[in-house]
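Asks: Sharing a structure here in C-alpha coordinates format.
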Amino acid sequence: MLLRHPAHPSRSVRLSYCLNLHPADTLEGLYEGLACVTEPLHARLAPGREFSVGMYLPATLARALASDADALRELRAWLGGHGLDPSTFNAFPYGGFTHIGLKEGVFAPEWWCAERLQYTLDVAQVAARLLPSLGPRRHVSISTHTGAHMSRVRPTELDSTRRSVFANWVAVASQLARVEREQGTRIVLAAEPEPRALTETCAALAEVFASERELRGAQSEAQLAVARHVGVCLDTCHAAVEFEPADQRWRAALAASGAGVGKLQFTSALSVLDPRGNEFGRRALLELDEARYLHQVTGQGPDAVARAGDLGELRSGWAEPQSAWHACTEWRCHFHVPVDLEALGATGLSTTRDYADAVLALELAAPNLWPSDELHVEIETYTWDVLPREARGAGELVDGLEREYRHVLAVLERAGWLLG
(Lines give C-alpha, C1' and ligand atoms only; values in the text may rest on other atoms or scores of the structure.)
Protein backbone atom coordinates (compact mmCIF):
# COMPACT_ATOMS: atom_id res chain seq x y z
CA MET A 1 0.00 0.00 0.00
CA LEU A 2 1.37 3.39 -0.98
CA LEU A 3 0.77 6.37 1.31
CA ARG A 4 1.69 10.01 0.78
CA HIS A 5 1.82 13.23 2.81
CA PRO A 6 0.75 16.62 1.37
CA ALA A 7 3.70 18.32 3.07
CA HIS A 8 6.21 15.80 1.62
CA PRO A 9 5.14 15.26 -2.00
CA SER A 10 8.43 13.60 -2.99
CA ARG A 11 8.20 11.00 -0.21
CA SER A 12 6.00 7.93 0.27
CA VAL A 13 5.43 5.05 2.67
CA ARG A 14 5.02 1.48 1.44
CA LEU A 15 3.13 -0.69 3.92
CA SER A 16 3.22 -4.48 3.53
CA TYR A 17 3.10 -7.71 5.49
CA CYS A 18 5.70 -10.46 5.33
CA LEU A 19 4.88 -13.73 3.58
CA ASN A 20 6.71 -15.66 6.31
CA LEU A 21 3.29 -15.70 8.01
CA HIS A 22 2.46 -18.44 5.50
CA PRO A 23 5.90 -19.58 4.27
CA ALA A 24 6.18 -21.76 1.17
CA ASP A 25 9.07 -23.98 0.09
CA THR A 26 7.84 -24.30 -3.50
CA LEU A 27 6.67 -21.95 -6.22
CA GLU A 28 3.26 -23.64 -6.15
CA GLY A 29 3.01 -22.98 -2.41
CA LEU A 30 4.00 -19.35 -2.94
CA TYR A 31 1.21 -18.84 -5.48
CA GLU A 32 -1.27 -20.57 -3.16
CA GLY A 33 -0.42 -18.25 -0.25
CA LEU A 34 -0.69 -15.19 -2.46
CA ALA A 35 -4.08 -16.34 -3.78
CA CYS A 36 -5.55 -17.46 -0.44
CA VAL A 37 -4.23 -14.77 1.92
CA THR A 38 -2.66 -11.84 0.08
CA GLU A 39 -5.34 -11.32 -2.54
CA PRO A 40 -8.33 -11.41 -0.12
CA LEU A 41 -6.46 -8.94 2.10
CA HIS A 42 -5.76 -6.75 -0.92
CA ALA A 43 -9.47 -6.76 -1.81
CA ARG A 44 -10.46 -5.68 1.69
CA LEU A 45 -7.88 -2.96 2.24
CA ALA A 46 -6.99 -1.48 -1.14
CA PRO A 47 -9.31 -2.62 -3.94
CA GLY A 48 -8.17 -1.25 -7.27
CA ARG A 49 -4.94 0.09 -5.75
CA GLU A 50 -1.38 -1.15 -5.70
CA PHE A 51 -0.72 -3.49 -2.76
CA SER A 52 2.82 -3.94 -1.46
CA VAL A 53 4.03 -7.40 -0.45
CA GLY A 54 6.89 -8.42 1.84
CA MET A 55 8.27 -11.41 -0.06
CA TYR A 56 9.77 -14.40 1.75
CA LEU A 57 11.69 -16.92 -0.37
CA PRO A 58 13.58 -19.69 1.45
CA ALA A 59 16.97 -20.54 -0.02
CA THR A 60 15.81 -23.42 -2.22
CA LEU A 61 13.05 -21.34 -3.78
CA ALA A 62 15.27 -18.26 -4.19
CA ARG A 63 17.89 -20.40 -5.97
CA ALA A 64 15.27 -21.99 -8.23
CA LEU A 65 13.83 -18.62 -9.26
CA ALA A 66 17.24 -16.99 -9.71
CA SER A 67 18.20 -19.76 -12.15
CA ASP A 68 14.89 -20.01 -14.04
CA ALA A 69 14.21 -16.92 -16.14
CA ASP A 70 10.88 -18.22 -17.42
CA ALA A 71 9.49 -18.90 -13.93
CA LEU A 72 10.67 -15.50 -12.80
CA ARG A 73 8.98 -13.77 -15.74
CA GLU A 74 5.77 -15.63 -14.98
CA LEU A 75 5.90 -14.60 -11.32
CA ARG A 76 6.56 -11.00 -12.28
CA ALA A 77 3.60 -11.06 -14.68
CA TRP A 78 1.32 -12.68 -12.06
CA LEU A 79 2.24 -10.13 -9.40
CA GLY A 80 1.78 -7.24 -11.82
CA GLY A 81 -1.50 -8.60 -13.09
CA HIS A 82 -2.86 -8.73 -9.54
CA GLY A 83 -1.57 -5.28 -8.57
CA LEU A 84 0.99 -6.68 -6.11
CA ASP A 85 4.26 -4.83 -5.55
CA PRO A 86 7.14 -6.92 -4.10
CA SER A 87 8.96 -3.94 -2.63
CA THR A 88 10.70 -5.68 0.28
CA PHE A 89 12.16 -9.14 0.91
CA ASN A 90 13.03 -11.17 4.00
CA ALA A 91 16.27 -13.16 3.68
CA PHE A 92 16.70 -13.93 7.39
CA PRO A 93 15.34 -17.52 7.72
CA TYR A 94 17.26 -19.74 5.31
CA GLY A 95 14.55 -22.40 5.33
CA GLY A 96 12.39 -24.63 7.51
CA PHE A 97 11.02 -21.58 9.25
CA THR A 98 8.05 -23.32 10.92
CA HIS A 99 9.85 -26.58 11.77
CA ILE A 100 9.71 -27.86 15.34
CA GLY A 101 13.06 -27.32 17.04
CA LEU A 102 14.24 -24.51 14.76
CA LYS A 103 15.09 -22.09 17.62
CA GLU A 104 18.72 -20.80 17.23
CA GLY A 105 18.89 -22.60 13.89
CA VAL A 106 17.05 -19.67 12.31
CA PHE A 107 20.46 -17.92 12.23
CA ALA A 108 22.11 -20.69 10.19
CA PRO A 109 24.01 -20.41 7.98
CA GLU A 110 25.87 -17.59 9.67
CA TRP A 111 27.16 -14.56 7.84
CA TRP A 112 30.71 -15.90 7.68
CA CYS A 113 29.41 -18.82 5.56
CA ALA A 114 29.40 -18.74 1.78
CA GLU A 115 25.86 -20.19 1.78
CA ARG A 116 24.49 -17.11 3.55
CA LEU A 117 26.12 -14.77 1.06
CA GLN A 118 24.85 -16.81 -1.92
CA TYR A 119 21.31 -16.93 -0.53
CA THR A 120 21.27 -13.17 -0.11
CA LEU A 121 22.55 -12.60 -3.63
CA ASP A 122 19.95 -15.01 -5.02
CA VAL A 123 17.20 -13.02 -3.30
CA ALA A 124 18.71 -9.78 -4.61
CA GLN A 125 18.79 -11.17 -8.15
CA VAL A 126 15.12 -12.16 -7.91
CA ALA A 127 14.21 -8.76 -6.47
CA ALA A 128 15.99 -6.89 -9.24
CA ARG A 129 14.34 -8.95 -11.99
CA LEU A 130 10.89 -8.56 -10.45
CA LEU A 131 11.32 -4.79 -10.32
CA PRO A 132 13.23 -3.61 -13.41
CA SER A 133 13.95 -0.01 -14.35
CA LEU A 134 12.56 1.63 -11.22
CA GLY A 135 14.73 4.72 -11.35
CA PRO A 136 17.46 5.80 -8.94
CA ARG A 137 15.38 7.14 -6.04
CA ARG A 138 13.31 4.12 -5.11
CA HIS A 139 14.88 1.22 -3.23
CA VAL A 140 14.09 -2.43 -2.64
CA SER A 141 14.93 -3.66 0.87
CA ILE A 142 16.18 -7.09 1.93
CA SER A 143 16.30 -7.85 5.66
CA THR A 144 18.82 -10.24 7.19
CA HIS A 145 20.33 -10.96 10.60
CA THR A 146 23.44 -9.33 12.04
CA GLY A 147 25.67 -12.37 11.68
CA ALA A 148 24.91 -15.21 14.06
CA HIS A 149 23.31 -16.29 17.30
CA MET A 150 25.58 -15.49 20.24
CA SER A 151 25.88 -19.18 21.14
CA ARG A 152 28.01 -19.57 18.00
CA VAL A 153 30.51 -16.87 18.94
CA ARG A 154 33.20 -16.94 21.62
CA PRO A 155 33.14 -13.81 23.81
CA THR A 156 36.82 -13.17 23.05
CA GLU A 157 36.09 -13.21 19.30
CA LEU A 158 33.20 -10.75 19.13
CA ASP A 159 35.09 -7.95 17.40
CA SER A 160 36.88 -10.20 14.92
CA THR A 161 33.62 -11.99 14.10
CA ARG A 162 31.81 -8.71 13.46
CA ARG A 163 34.64 -7.66 11.14
CA SER A 164 34.36 -10.96 9.26
CA VAL A 165 30.61 -10.50 8.90
CA PHE A 166 31.02 -6.92 7.75
CA ALA A 167 33.53 -8.04 5.11
CA ASN A 168 30.79 -10.21 3.58
CA TRP A 169 28.36 -7.28 3.73
CA VAL A 170 30.94 -5.29 1.78
CA ALA A 171 31.07 -8.10 -0.79
CA VAL A 172 27.28 -8.04 -1.11
CA ALA A 173 27.28 -4.24 -1.34
CA SER A 174 29.67 -4.34 -4.29
CA GLN A 175 27.34 -6.73 -6.10
CA LEU A 176 24.30 -4.58 -5.31
CA ALA A 177 26.14 -1.54 -6.66
CA ARG A 178 26.69 -3.46 -9.91
CA VAL A 179 22.98 -4.36 -10.06
CA GLU A 180 22.06 -0.70 -9.72
CA ARG A 181 24.49 0.36 -12.43
CA GLU A 182 23.24 -2.28 -14.85
CA GLN A 183 19.52 -2.45 -14.03
CA GLY A 184 18.67 0.79 -12.26
CA THR A 185 17.36 -0.94 -9.12
CA ARG A 186 18.77 0.22 -5.82
CA ILE A 187 18.75 -2.63 -3.29
CA VAL A 188 19.47 -2.06 0.40
CA LEU A 189 20.54 -4.98 2.57
CA ALA A 190 19.03 -4.19 5.99
CA ALA A 191 20.69 -5.88 8.98
CA GLU A 192 18.23 -6.66 11.77
CA PRO A 193 19.49 -6.44 15.38
CA GLU A 194 17.91 -9.05 17.64
CA PRO A 195 18.30 -9.95 21.33
CA ARG A 196 21.11 -12.51 21.86
CA ALA A 197 22.35 -12.07 18.29
CA LEU A 198 25.87 -11.05 17.33
CA THR A 199 24.69 -7.43 17.36
CA GLU A 200 21.65 -7.07 19.62
CA THR A 201 20.62 -3.43 19.35
CA CYS A 202 20.31 -0.69 16.77
CA ALA A 203 22.66 1.47 18.83
CA ALA A 204 25.32 -1.26 18.76
CA LEU A 205 24.87 -1.75 15.02
CA ALA A 206 25.33 1.99 14.48
CA GLU A 207 28.65 1.69 16.33
CA VAL A 208 29.71 -1.18 14.07
CA PHE A 209 29.02 0.95 10.98
CA ALA A 210 30.90 3.90 12.47
CA SER A 211 33.91 1.74 13.34
CA GLU A 212 34.06 0.20 9.87
CA ARG A 213 33.68 3.61 8.25
CA GLU A 214 36.68 4.86 10.21
CA LEU A 215 38.68 1.70 9.46
CA ARG A 216 38.00 1.64 5.72
CA GLY A 217 37.86 5.37 5.05
CA ALA A 218 34.62 7.20 4.38
CA GLN A 219 35.42 7.77 0.70
CA SER A 220 36.82 4.36 -0.17
CA GLU A 221 35.04 2.44 -2.91
CA ALA A 222 33.95 -0.26 -0.46
CA GLN A 223 32.63 2.24 2.05
CA LEU A 224 30.70 4.17 -0.59
CA ALA A 225 29.02 0.93 -1.68
CA VAL A 226 28.14 0.13 1.93
CA ALA A 227 26.82 3.64 2.51
CA ARG A 228 24.36 3.18 -0.35
CA HIS A 229 23.49 -0.51 -0.08
CA VAL A 230 23.77 -1.68 3.56
CA GLY A 231 21.59 -0.30 6.32
CA VAL A 232 19.40 -1.22 9.28
CA CYS A 233 16.21 -3.23 9.60
CA LEU A 234 14.52 -1.66 12.60
CA ASP A 235 12.30 -4.31 14.20
CA THR A 236 10.22 -2.61 16.89
CA CYS A 237 9.65 -5.87 18.80
CA HIS A 238 13.38 -6.51 19.04
CA ALA A 239 14.14 -2.91 19.99
CA ALA A 240 11.42 -2.97 22.66
CA VAL A 241 12.80 -6.19 24.19
CA GLU A 242 16.17 -4.47 24.43
CA PHE A 243 14.52 -1.39 26.03
CA GLU A 244 16.06 0.86 23.38
CA PRO A 245 14.85 4.44 23.89
CA ALA A 246 12.77 5.85 21.05
CA ASP A 247 14.28 9.33 20.88
CA GLN A 248 15.82 11.73 18.39
CA ARG A 249 19.41 10.91 19.37
CA TRP A 250 18.83 7.23 18.64
CA ARG A 251 17.11 8.14 15.36
CA ALA A 252 20.06 10.27 14.27
CA ALA A 253 22.47 7.40 14.96
CA LEU A 254 20.38 5.10 12.78
CA ALA A 255 20.31 7.64 9.96
CA ALA A 256 24.11 7.67 10.01
CA SER A 257 24.34 3.86 9.86
CA GLY A 258 25.36 2.91 6.35
CA ALA A 259 22.30 3.50 4.18
CA GLY A 260 20.16 4.34 7.23
CA VAL A 261 16.88 2.59 7.94
CA GLY A 262 16.27 0.39 4.93
CA LYS A 263 13.17 -1.14 6.48
CA LEU A 264 10.99 -0.82 9.58
CA GLN A 265 9.33 -4.01 10.78
CA PHE A 266 6.27 -2.93 12.75
CA THR A 267 6.02 -5.63 15.42
CA SER A 268 4.97 -5.94 19.07
CA ALA A 269 6.54 -7.88 21.95
CA LEU A 270 4.92 -9.26 25.09
CA SER A 271 5.33 -7.39 28.36
CA VAL A 272 4.83 -8.45 31.97
CA LEU A 273 4.47 -5.38 34.17
CA ASP A 274 5.34 -5.81 37.88
CA PRO A 275 6.30 -9.48 37.42
CA ARG A 276 6.69 -10.05 41.18
CA GLY A 277 3.11 -9.00 41.86
CA ASN A 278 1.61 -10.10 38.53
CA GLU A 279 1.38 -13.85 39.05
CA PHE A 280 -1.19 -14.31 36.25
CA GLY A 281 1.04 -12.56 33.74
CA ARG A 282 4.14 -14.40 34.90
CA ARG A 283 2.48 -17.78 34.55
CA ALA A 284 0.84 -16.88 31.25
CA LEU A 285 4.20 -15.93 29.76
CA LEU A 286 5.92 -19.13 30.88
CA GLU A 287 3.06 -21.19 29.46
CA LEU A 288 3.89 -19.78 26.01
CA ASP A 289 7.15 -21.72 25.88
CA GLU A 290 7.03 -23.66 22.59
CA ALA A 291 9.42 -25.56 20.36
CA ARG A 292 9.64 -23.52 17.13
CA TYR A 293 10.79 -19.98 17.74
CA LEU A 294 13.21 -18.21 20.05
CA HIS A 295 11.55 -16.14 22.77
CA GLN A 296 14.34 -14.10 24.31
CA VAL A 297 13.44 -12.14 27.45
CA THR A 298 14.91 -9.01 29.00
CA GLY A 299 13.97 -7.74 32.44
CA GLN A 300 14.66 -4.26 33.69
CA GLY A 301 14.25 -2.35 36.93
CA PRO A 302 15.81 0.68 38.65
CA ASP A 303 18.79 -1.39 39.80
CA ALA A 304 18.47 -4.60 37.83
CA VAL A 305 18.85 -6.03 34.34
CA ALA A 306 18.26 -9.70 33.55
CA ARG A 307 18.52 -11.59 30.26
CA ALA A 308 17.34 -15.00 29.10
CA GLY A 309 17.88 -16.73 25.78
CA ASP A 310 14.45 -18.36 25.88
CA LEU A 311 11.49 -18.92 28.19
CA GLY A 312 12.97 -22.08 29.72
CA GLU A 313 15.96 -20.07 30.88
CA LEU A 314 13.63 -17.46 32.36
CA ARG A 315 11.79 -20.20 34.29
CA SER A 316 15.10 -21.40 35.76
CA GLY A 317 16.14 -17.85 36.62
CA TRP A 318 12.88 -17.08 38.37
CA ALA A 319 13.29 -20.24 40.48
CA GLU A 320 16.38 -18.65 42.06
CA PRO A 321 15.07 -16.30 44.81
CA GLN A 322 18.12 -14.04 44.63
CA SER A 323 18.21 -13.67 40.85
CA ALA A 324 17.89 -10.27 39.18
CA TRP A 325 14.55 -11.33 37.68
CA HIS A 326 12.90 -10.69 41.06
CA ALA A 327 14.11 -7.09 41.11
CA CYS A 328 12.80 -6.20 37.65
CA THR A 329 9.74 -3.98 37.26
CA GLU A 330 9.05 -5.20 33.72
CA TRP A 331 9.87 -8.20 31.57
CA ARG A 332 9.71 -8.02 27.78
CA CYS A 333 9.64 -11.13 25.62
CA HIS A 334 10.47 -11.61 21.94
CA PHE A 335 7.14 -13.18 21.06
CA HIS A 336 5.56 -11.39 18.10
CA VAL A 337 1.90 -10.65 18.84
CA PRO A 338 -0.69 -8.81 16.72
CA VAL A 339 0.25 -5.16 16.55
CA ASP A 340 -3.29 -3.93 17.19
CA LEU A 341 -3.40 -5.47 20.69
CA GLU A 342 -2.62 -3.50 23.85
CA ALA A 343 -3.02 -6.58 26.06
CA LEU A 344 -3.88 -10.27 25.77
CA GLY A 345 -7.29 -10.33 27.38
CA ALA A 346 -7.31 -11.08 31.11
CA THR A 347 -4.02 -13.02 31.07
CA GLY A 348 -2.01 -10.31 32.79
CA LEU A 349 0.11 -9.94 29.67
CA SER A 350 0.56 -6.54 28.01
CA THR A 351 2.21 -5.69 24.71
CA THR A 352 4.67 -3.07 23.51
CA ARG A 353 2.20 -1.64 20.98
CA ASP A 354 2.69 1.92 22.25
CA TYR A 355 6.44 1.58 21.74
CA ALA A 356 5.98 0.47 18.13
CA ASP A 357 3.58 3.36 17.54
CA ALA A 358 6.12 5.82 18.97
CA VAL A 359 9.02 4.49 16.87
CA LEU A 360 6.98 4.69 13.67
CA ALA A 361 5.82 8.21 14.55
CA LEU A 362 9.44 9.22 15.09
CA GLU A 363 10.39 7.85 11.68
CA LEU A 364 7.44 9.54 9.97
CA ALA A 365 8.39 12.90 11.49
CA ALA A 366 11.80 12.90 9.76
CA PRO A 367 11.34 11.87 6.10
CA ASN A 368 14.45 13.85 5.21
CA LEU A 369 16.47 11.16 7.02
CA TRP A 370 15.10 8.25 4.99
CA PRO A 371 17.65 6.55 2.71
CA SER A 372 15.47 7.14 -0.35
CA ASP A 373 12.13 8.66 -1.18
CA GLU A 374 10.36 5.65 0.36
CA LEU A 375 9.97 4.25 3.84
CA HIS A 376 9.27 0.52 3.91
CA VAL A 377 7.02 -0.55 6.80
CA GLU A 378 6.34 -4.27 7.17
CA ILE A 379 3.98 -6.10 9.54
CA GLU A 380 5.60 -9.39 10.60
CA THR A 381 3.55 -11.33 13.16
CA TYR A 382 4.88 -14.68 11.99
CA THR A 383 3.85 -16.47 15.22
CA TRP A 384 0.19 -16.77 14.19
CA ASP A 385 0.19 -20.58 14.40
CA VAL A 386 1.50 -20.61 17.99
CA LEU A 387 -0.44 -17.64 19.35
CA PRO A 388 -2.81 -18.25 22.27
CA ARG A 389 -6.53 -17.83 21.65
CA GLU A 390 -6.53 -14.44 23.42
CA ALA A 391 -4.10 -13.07 20.86
CA ARG A 392 -5.65 -14.42 17.66
CA GLY A 393 -9.02 -12.78 18.06
CA ALA A 394 -12.04 -13.63 15.93
CA GLY A 395 -11.79 -15.13 12.48
CA GLU A 396 -8.87 -16.50 10.49
CA LEU A 397 -5.45 -15.20 9.44
CA VAL A 398 -6.84 -12.71 6.91
CA ASP A 399 -9.11 -11.24 9.60
CA GLY A 400 -6.22 -10.87 12.03
CA LEU A 401 -4.02 -9.28 9.38
CA GLU A 402 -6.77 -6.83 8.48
CA ARG A 403 -6.98 -5.69 12.12
CA GLU A 404 -3.20 -5.23 12.21
CA TYR A 405 -3.22 -3.23 8.99
CA ARG A 406 -6.01 -0.96 10.21
CA HIS A 407 -4.06 -0.18 13.37
CA VAL A 408 -0.91 0.76 11.42
CA LEU A 409 -2.95 2.75 8.91
CA ALA A 410 -4.44 4.73 11.82
CA VAL A 411 -0.93 5.54 13.10
CA LEU A 412 0.04 6.69 9.62
CA GLU A 413 -3.13 8.73 9.20
CA ARG A 414 -2.58 10.53 12.53
CA ALA A 415 0.80 11.59 11.18
CA GLY A 416 -0.78 12.86 7.94
CA TRP A 417 0.13 9.90 5.67
CA LEU A 418 -2.83 8.87 3.53
CA LEU A 419 -3.43 6.31 0.77
CA GLY A 420 -2.19 7.78 -2.49
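The values are calculated or read from the model by the stated rules, or taken from the named source; none is laboratory data. Everything numeric here is computed off the predicted structure, so don't read it as measured data. Note: ideal-geometry Cβ built from the backbone for every residue, glycine included; neighbour counts use all protein chains shown.
Asks: Can you confirm whether Glu110 is among the acidic types (Asp, Glu), surrounded by fewer than 17 Cβ atoms within 10 Å (Cβ to Cβ), more than 17 Å from Cys18 (Cβ to Cβ) and touching a helix residue (DSSP H, G or I) at 6+ places or on another chain (Cβ under 8 Å)? First the steps, then the outcome.
Replies: Numbers: among the acidic types (Asp, Glu): yes; surrounded by fewer than 17 Cβ atoms within 10 Å (Cβ to Cβ): no; more than 17 Å from Cys18 (Cβ to Cβ): yes; touching a helix residue (DSSP H, G or I) at 6+ places or on another chain (Cβ under 8 Å): yes.
No: the conditions fail for Glu110.
Asks: Keeping to the stretch 1-32, report how many residues are under 23 Å from Trp384 (Cβ atoms), in contact (Cβ under 8 Å) with a residue 60 or more places away in the chain and under 19 Å from the mean Cα position of the chain (by Cα).
Replies: Number of matching residues: 11.
Asks: Might you check whether a residue that is hydrophobic (A, V, I, L, M, F, W, C), surrounded by fewer than 23 Cβ atoms within 10 Å (Cβ to Cβ) and more than 30 Å from Glu32 (Cβ to Cβ) occurs anywhere in the stretch 80-103?
Replies: no
Asks: Just checking: which of the helices (runs of 4 or more DSSP H) contained wholly in the stretch 236-337 hold 1 or more residues that are within 24 Å of the chain's Cα centre (by Cα) and more than 30 Å from Ala366 (Cβ to Cβ)?
Replies: In the stretch 236-337, 279-286, 311-318 are the helices (runs of 4 or more DSSP H) which contain 1 or more residues that are within 24 Å of the chain's Cα centre (by Cα) and more than 30 Å from Ala366 (Cβ to Cβ).
Asks: Any chance the stretch 87-94 includes a residue that's part of a strand (DSSP E or B), in contact with a strand residue (DSSP E or B) (Cβ under 8 Å, 6 or more places away or on another chain) and modelled with pLDDT under 95?
Replies: There is at least one residue in the stretch 87-94 that is part of a strand (DSSP E or B), in contact with a strand residue (DSSP E or B) (Cβ under 8 Å, 6 or more places away or on another chain) and modelled with pLDDT under 95.
Asks: Right, here's the next one. Cβ-Cβ under 6 Å, sequence separation 6+ or interchain: first residue in the stretch 368-394 and in a loop (DSSP other than H, G, I, E, B), partner modelled with pLDDT of 90 or more and surrounded by fewer than 16 Cβ atoms within 10 Å (Cβ to Cβ). Which pairs?
Replies: Every condition considered, the pairs that remain are Asp373/Ser10.
Asks: Please determine whether any residue of the stretch 127-141 is touching a strand residue (DSSP E or B) at 6+ places or on another chain (Cβ under 9 Å), closer than 30 Å to Glu74 by Cβ, among the β-branched types (Val, Ile, Thr) and crowded, with 23+ Cβ neighbours inside 10 Å.
Replies: Yes, the stretch 127-141 contains at least one residue that is touching a strand residue (DSSP E or B) at 6+ places or on another chain (Cβ under 9 Å), closer than 30 Å to Glu74 by Cβ, among the β-branched types (Val, Ile, Thr) and crowded, with 23+ Cβ neighbours inside 10 Å.
Asks: In this structure, does Arg186 turn out to be crowded, with 20+ Cβ neighbours inside 10 Å, modelled with pLDDT of 95 or more and basic (Lys, Arg)?
Replies: Considered against the rule, which asks whether it is crowded, with 20+ Cβ neighbours inside 10 Å, modelled with pLDDT of 95 or more and basic (Lys, Arg), Arg186 comes out as no.
Asks: Can you give me the ranges of the helices (runs of 4 or more DSSP H) entirely in the stretch 101-218 with at least 3 residues that are over 17 Å from the mean Cα position of the chain (by Cα) and more than 30 Å from Asp68 (Cα to Cα)?
Replies: The qualifying helices (runs of 4 or more DSSP H) are 158-183, 202-216.
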